[in-house]
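The values are calculated or read from the model by the stated rules, or taken from the named source; none is laboratory data. All values reported here derive from a predicted model rather than from experimental measurement. Note that each Cβ is placed from the backbone with ideal geometry, even for glycine, and that neighbours are counted across all protein chains shown. All accessible areas refer to the heavy atoms of the entire protein, side chains included, with ligands and DNA or RNA removed. Shrake-Rupley method; radii C 1.70, N 1.55, O 1.52, S 1.80 Å.
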Amino acid sequence: MFHLETRDPLATIIGEIADGITRSVDTALSTVSEAFFEPVIRLGVTGLSRAGKTVFITSLVANLMNRARMPQLLAAADGAIRTAYLQPQPDDTVPRFDYETYLAALTGPAPHWPDSTRSVSELRLSLRVQPSGLVAGLRGPRTIHLDIVDYPGEWLLDLGLLDKTFEAWSAETLRRIEPRDSAAAFREALAAADPAAKLDEPAAKALAAAFTGYLTAARKAGFSDCTPGRFLLPGDLAGSPVLTFAPLPKPAAAPRGSVWREFERRFDSYKREVVKPFFRDHFARIDRQVVLVDALGAIHAGPRAVDDLRMAMTDILSAFRPGRNAFLTQLLIGRRVERILFAATKADHLHHTQHPQLTAIMEAILRDAKDRADFAGAKSAAMSIASLRATTEDTVEHQGRSLDVVRGILAETGKRAAMYPGRLPEDPAQLLSPARSGAERWLDADYAIMSFAPQPLTLKPGEGPPHIRLDKAAEFLFGDRLR
Ligand SMILES: Nc1nc2c(ncn2[C@@H]2O[C@H](COP(=O)(O)OP(=O)(O)O)[C@@H](O)[C@H]2O)c(=O)[nH]1
Ligand SMILES: [Mg+2]
């Protein structure tokens, strides 16, 4: 006897046909039998680069294989999860998430943060689950596959390009970057170019490079409207023509073979060959989504970065809104993301007494993003977590006051240090109002941040790496599917 607890497989198939994806009969059949016999949860993990995706996935998988530190994941606490093991992933052409290398970096004898990743990757963790309680005797153990997909948040923001022509995107981009210092070099390159002239490849490359330089600087300065996303994170497309274009002022006439015509064609290829396949092959198949956010980093960087974070969260959320655009609506027929978690990562930089304030800030931003994106449907939540706890807590006396600090090993020097990151306000509005009104700096507070290295660990049998609320995040994201 088997127990069917998955989304309607028929809806899945209809969705695929509707999009005109031709799949071999083989794949279609295995999808059906898999859906019937072995439920699959596709968990998307995203966030802008350096948000903590790699560390999150590595620690989550390690803590699902060794569950002693997962009391808030109910299926782990009550013993329903019998075993968890890695299996070959279903998608042969997607790079495998290099779990073993990352885990060795984080938990080896000289612990360090793993190298930064720049593309999509996937990992399948299979869970053998035996529900406990009354129904336990009636159901045999079953296998549930957790397919974790790591993809850059930068790529999500490209969704907005699908609705735009090259002309509209160019005009809008040029208007927006007009006042920005970071675009000075690109504006200069543009002034020297003639969009009506015949395309010359080295000149095209130079223009694209100047535009990429602008995007990189804008990202650093905290702007989130940095499309096309692949210009920042090209993956294996670096240097290809599909990434060799830039926004242009429209010339009076654009003859065949001109820079304008060729860039327009490349922009369309970018949408067709890069953006659409990503949404079709990865995004549209996700059931549960976690968006990792470096909220503390943004608070430290100042009001502009916090406001930018708020807008980026709105943009990300609107990518998950049904009916967002025609292409996506058609892709998503019969399926949708059921749960979305926005998690402020690296909460181990804060003493636990300040975690409620960080969570309150995330919740306030999420509420605002939901209102602005007119978002309904998926269940959403905000939390503060640390995928890998790199600090320990302490209370020290400082000028007659006692301060709640965290201690750790500084990543740069290897020296031990205590950090007091500043006091987050009880009322999130004290941060969000100045952010919204465009303030340059926080008025009466300063937030510090230090970069700690992972601490050397001695794990007892059954224990995964130390974390903060990773179990709670897991319970929200897929705990319901394990019982
Ligand atoms: N203290 C602390 N730092 C973290 C944590 N997660 C990530 N980081 C830091 O953030 C950096 C980027 O993390 P990574 O997972 O590579 O980000 P990705 O680009 O989103 O995959 C790491 O190199 C660490 O410095 C955490 O849980 N605690
Ligand atoms: Mg990564």
Fill in the blank from the handout: Requiring at least 2 residues that are modelled with pLDDT of 90 or more and open to solvent by less than 30 Å² (accessible area, probe 1.4 Å), the helices (runs of 4 or more DSSP H) wholly within the range 293-390 are 295-301, 355-373
Exercise for the section: May I ask you to list pairs of residues, at least six apart or on different chains, whose Cβ atoms are under 7 Å apart, with the first in the range 426-455 being within 16 Å of ligand 1 (Cβ to nearest atom) and modelled with pLDDT under 90 and the second being among the β-branched types (Val, Ile, Thr) and open to solvent by less than 40 Å² (accessible area, probe 1.4 Å)? Expected result: Tyr447/Ile299
Practice task
May I ask you to list the residues in the range 155-183 that are among the small types (Gly, Ala, Ser) and within 19 Å of Leu232 (Cβ to Cβ)?
Solution key: Gly160, Ser170, Ser182, Ala183
Practice task
Determine whether Glu440 is within 28 Å of Pro39 (Cα to Cα) and either surrounded by 16 or more Cβ atoms within 10 Å (Cβ to Cβ) or of a type in the set (D, E, K, R) (or both).
Solution key: no
Exercise for the section: From Ala364, Ala301, Ala295, Ala344, grab the single residue that is within 26 Å of Asp158 (Cβ to Cβ) and more than 14 Å from ligand 1 (Cβ to nearest atom). Expected result: Ala301
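Is one or more of the residues making up the range 60-76 assigned to a loop (DSSP other than H, G, I, E, B), in contact (Cβ under 8 Å) with a residue 24 or more places away in the chain and either exposed (fewer than 14 other Cβ atoms within 10 Å of the Cβ) or charged (D, E, K, R) (or both)?
The answer is yes, given that some residue of the range 60-76 is assigned to a loop (DSSP other than H, G, I, E, B), in contact (Cβ under 8 Å) with a residue 24 or more places away in the chain and either exposed (fewer than 14 other Cβ atoms within 10 Å of the Cβ) or charged (D, E, K, R) (or both).
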Problem - Residue in the range 432-453 that is part of a loop (DSSP other than H, G, I, E, B), farther than 24 Å from Leu309 by Cα and in contact with a strand residue (DSSP E or B) (Cβ under 9 Å, 6 or more places away or on another chain) present - result: no
Exercise for the section: With the condition kept exactly as written, say whether any residue in the range 269-280 is among the charged types (D, E, K, R), at pLDDT below 95 and assigned to a loop (DSSP other than H, G, I, E, B). Expected result: no
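Residues checked against (1) open to solvent by less than 30 Å² (accessible area, probe 1.4 Å); (2) over 19 Å from Thr345 (Cβ atoms):
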residue: Asp427; (1), (2): no, yes
residue: Pro434; (1), (2): no, yes
residue: Asp446; (1), (2): no, yes
residue: Ile449; (1), (2): no, no
residue: Ala453; (1), (2): yes, no
residue: Pro456; (1), (2): no, yes
residue: Glu463; (1), (2): no, yes
residue: His467; (1), (2): yes, no
residue: Leu477; (1), (2): yes, no
Practice task
Within the range 83-97, count every residue that is open to solvent by 60 Å² or more (accessible area, probe 1.4 Å) and assigned to a loop (DSSP other than H, G, I, E, B).
Solution key: 4
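Can you name the residue in the range 34-77 that is of a type in the set (S, T, N, Q) and within 16 Å of ligand 2 (Cβ to nearest atom) and is also nearest to Gly235 (Cα to Cα) among such residues? Write out each step before concluding.
Let us first name the residues in the range 34-77 that are of a type in the set (S, T, N, Q), namely 46, 49, 54, 58-59, 63, 66, 72.
Still in the running and within 16 Å of ligand 2 (Cβ to nearest atom): 46, 49, 54, 58-59.
On the way: Thr46: 15, Ser49: 13, Thr54: 16, Thr58: 21, Ser59: 24 Å.
Among those that are of a type in the set (S, T, N, Q) and within 16 Å of ligand 2 (Cβ to nearest atom), it is Ser49.
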Handout entry: Residues satisfying the stated conditions in the range 179-214, i.e. open to solvent by 50 Å² or more (accessible area, probe 1.4 Å), within 29 Å of the chain's Cα centre (by Cα) and of a type in the set (D, E, K, R)
Key = Asp181
Completion exercise
Flagged in the range 47-61 as within 18 Å of Gln455 (Cβ to Cβ) and more than 6 Å from ligand 1 (Cβ to nearest atom), in numbering order, are Phe56, Thr58, Ser59
Problem - Tally, over the range 226-260, of residues that are part of a helix (DSSP H, G or I) and within 34 Å of the chain's Cα centre (by Cα) - result: 11
Practice task
Working carefully through the options Pro421, Pro466, find the one that is modelled with pLDDT of 95 or more, part of a loop (DSSP other than H, G, I, E, B) and either touching a Cys at 6+ places or on another chain (Cβ under 9 Å) or not charged (D, E, K, R) (or both).
Solution key: Pro466
